[in-house]
1. List Thr22, Thr213 from most exposed to least, where exposure is judged by having the fewest other Cβ atoms within 10 Å.
2. When the Kirkwood radius is taken over all Cα pairs of the range 308-401, what Stokes-Einstein diffusion coefficient follows at 4 °C and 1.567 mPa s, in µm²/s?
3. Fewest Cβ neighbours within 10 Å first, please rank Cys241, Cys254 accordingly.
4. Anyone know which of Met265, Met31, Met172 comes out most mobile in the 10 Å Cα GNM of the chain?
5. Would you mind telling me which residue in Leu195, Leu21, Leu347 has the biggest mean-square fluctuation in a Gaussian network model of the chain, where springs connect alpha carbons within a distance under 10 angstrom?
6. In the range 228-253, whose amide N lies under 15 Å from the spot 7 Å out along Cα-to-Cβ of Asn325? List them in ranges.
7. Name the longest site-free stretch of the chain, where the excluded sites are GluC sites (Glu not before Pro) in a DSSP loop with no more than 15 other beta-carbon atoms within 10 Å.
8. Quick one: the Cα spread of the chain along its three principal axes, in angstroms, biggest first?
Amino acid sequence: MEWFEELSNMDYFKHVCIFSLTVLLSIFLHMSSCKWVRVLAVSSTNSLSSLVLHLSGVAWASSVSIYNNELKEQIVTASVPLSLVGILFMLSNSVAVILLTLRHRGNHITLESERALPPASVISFSADIHKANLARVMKATSASKEMSIESDKDVKSKNHKKQVANSVISEMIKETISSMVELANNWNQSRLGELKYSANLFSVIKKDDLDFTKEEELREAVESSPFFLYVDSFESRTAHCDYLIISQQEYSTCNKKKLLKNGQMMVLPFSDSSTNLPKFHPNFEGAPQSLLTGQARYISDTKVLSEAFFKGTESTGHAEFLTKNYKAKIEQYYLKDDTLSLLSIPLFDSNNNYLAVLNIYSEQKNMLYSEDRAKAFYDFIRPHTQFVATLIEEQIKVASL
């Protein structure tokens with residue numbers, strides 16, 4: 001087309017192309033998640049890039065000061081072709097824009113990394129808690145060993161000792177979980193201030209090991225739970241899963257004791273990837289997915305959780321079974337629930353079998369600020385979560401004696 005050919009021959013069109021390419025490249029560098037872009041962005045915050053940025057600024061300022069009229073003719077009006085001065089001027093501007101974009105991105109990445117690091121006060125606090133938790137584990141281990149070697153013929157006396165030991169270990173578990181809630185509060189206090197953080201513990205039990213005829217409360221919790229997809233009968237609820245994830249309300253704790261709420265027992269179905277069931281309940285986000293992946297799961301906003309879950313069921317083959325009633329019950333559950341963000345941490349025994357899930361949660365959205373910071377927090381408290389797992393194992397040993 002004649003008009004396009006005329007336009008493409010104009011220097012002004014070339015200037016627009018250079019400007020557009022600079023803008024597009026800057027947008028790409030600002031938004032790209034490529035590893036090399038992140039490395040380049042961080043490296044651009046060093047002294048060498050500062051020197052380059054300074055020199056490009058000097059070149060730009062010198063060109064404007066000395067060749068002001070020539071630059072107007074070459075760039076603004078495009079009445080004359082670009083000279084070497086004009087090329088250097090445009091090049092220095094492009095370099096400056098790209099470098100400034102990279103430096104901004106690099107500073108943001110560096111800040112994120114620094115935010116992911118625990119403050120010195122939290123490290124010191126964690127060390128003190130670590131000592132206390134280690135002492136609890138050693139005491140619990142000693143108690144279970146004494147019970148195992150004791151040959152008490154008086155059954156009544158032995159049962160009494162088991163009850164005492166169980167009660168002591170239960171208190172240790174709760175104290176250890178409370179210490180992690182305090183760690184969460186200290187971790188974020190400098191950024192968010194004093195907030196309410198809570199925690200609860202879920203046991204993971206094979207459904208075939210449960211006798212529902214003797215567990216009336218558990219049976220009622222299964223029947224009232226909104227997380228079971230197949231609900232034609234009680235048997236259909238329990239038949240289509242391998243495990244039940246059951247909340248243990250006695251271990252619920254909060255850093256603001258006066259605001260601690262006593263909730264009802266909650267039960268979720270769970271099936272692992274090795275299941276041979278012809279059909280099974282979908283594993284919900286949070287506790288079930290943490291067990292399935294073996295990794296902590298951070299949910300920054302629970303209010304959008306149900307929608308994401310329903311979309312995810314399309315890839316698991318459950319979408320056709322999602323009734324309006326099922327969706328409505330789950331949506332209603334999260335609408336009423338005060339929890340806005342949570343971290344689900346899977347706990348395994350010494351043989352790597354499913355043991356429990358620890359939930360740390362808050363009534364604040366994005367309580368750990370970002371995925372990276374949530375991962376850093378999880379890695380930081382892993383020794384403490386292992387203490388909880390060890391204490392639960394010792395409690396099971398005592399109960400089996």
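Every read-out reported here was derived from the displayed coordinates using simple, explicitly stated rules and does not represent laboratory data. Here the structure is a predicted model, which is why all the values come from computation and not from measurement. Cβ coordinates were reconstructed from backbone atoms using ideal geometry, including for glycine residues, and neighbour counts include every protein chain displayed.
1. Numbers: Thr22 19, Thr213 7.
Exposure proxy ranking, most exposed first: Thr213, Thr22.
2. Numbers: Rh = 16.3 Å.
My calculation gives 79 µm²/s for D.
3. Details: Cys241 26, Cys254 17.
Lowest to highest Cβ neighbour count: Cys254, Cys241.
4. Met31
5. Per the Cα network of the chain with a 10 Å cutoff, Leu21 tops the list.
6. 228-237
7. Working: sites that count: Glu150, Glu194, Glu215, Glu363.
After excluding every exposed loop site, the longest remaining stretch is 1-149.
8. Sorted largest first, the three principal extents are 107, 52, 38 Å.
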